[in-house]
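Peer 1: Once you've had a glance at the structure underneath, I'll fire off some questions.
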Amino acid sequence: MERANAVSYTPKILKSMREICEEMGVCAKVVRIWVAAGAPIAVEGSDKRRKYSAEAARLQLWRESAAGTKQKAEA
């Protein structure tokens, strides 16, 4: 009996604003704009003690879909 190949996915968790910025190639201001626009970024705390985290693949998918929505709106 043959065994099927299994696919395993381990999410890449971005645990800080710095990690999100580095992974996505943007600055903190852009990340805050994304949060306001509904990006899948968790924000905990308030004011200067805010902590940001996100799952890289979900954030990239959101980014791509948001860019597609923006292009359709401009057309």
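Read-outs: derived from the displayed coordinates by stated rules, not from any lab. Quick caveat: nothing in here was measured; it's all calculated off a predicted structure. No Cβ is skipped: glycine too gets one built from the backbone with ideal geometry, and neighbour counts run over all protein chains shown.
Peer 1: Give the Cα extents of the chain along the principal axes, in whole Å, largest first.
Peer 2: 58, 39, 18
Peer 1: Tell me, what is the FRET efficiency for Lys15 and Ala66 to the nearest 0.05, using R0 = 25 angstrom and their Cβ-Cβ distance as r?
Peer 2: According to the calculation, E is roughly 0.65.
Peer 1: Contour minus end-to-end for Arg49 and Val7, with contour as 0.36 nm per residue of separation and end-to-end as the Cα-Cα distance?
Peer 2: Full extension of this stretch gives 11.3 nm more.
Peer 1: Let me ask you something else. Looking at the chain, identify the longest residue range that excludes and avoids all trypsin sites (Lys or Arg not before Pro) in DSSP loops having at most 16 other Cβ atoms within 10 Å.
Peer 2: It works out to 16-49.
Peer 1: Let me ask something else about it. Helix 56-74 versus the longest principal axis of the chain: what is the Cα-based angle in degrees, 0 to 90, to the nearest 10?
Peer 2: Relative to the chain, helix 56-74 is tipped by roughly 60 degrees.
Peer 1: Given the chain, what count of lysine pairs have C-alpha atoms under 26 Å apart, with each pair 8 or more places apart or on different chains?
Peer 2: Going through the chain pair by pair, I get 10.
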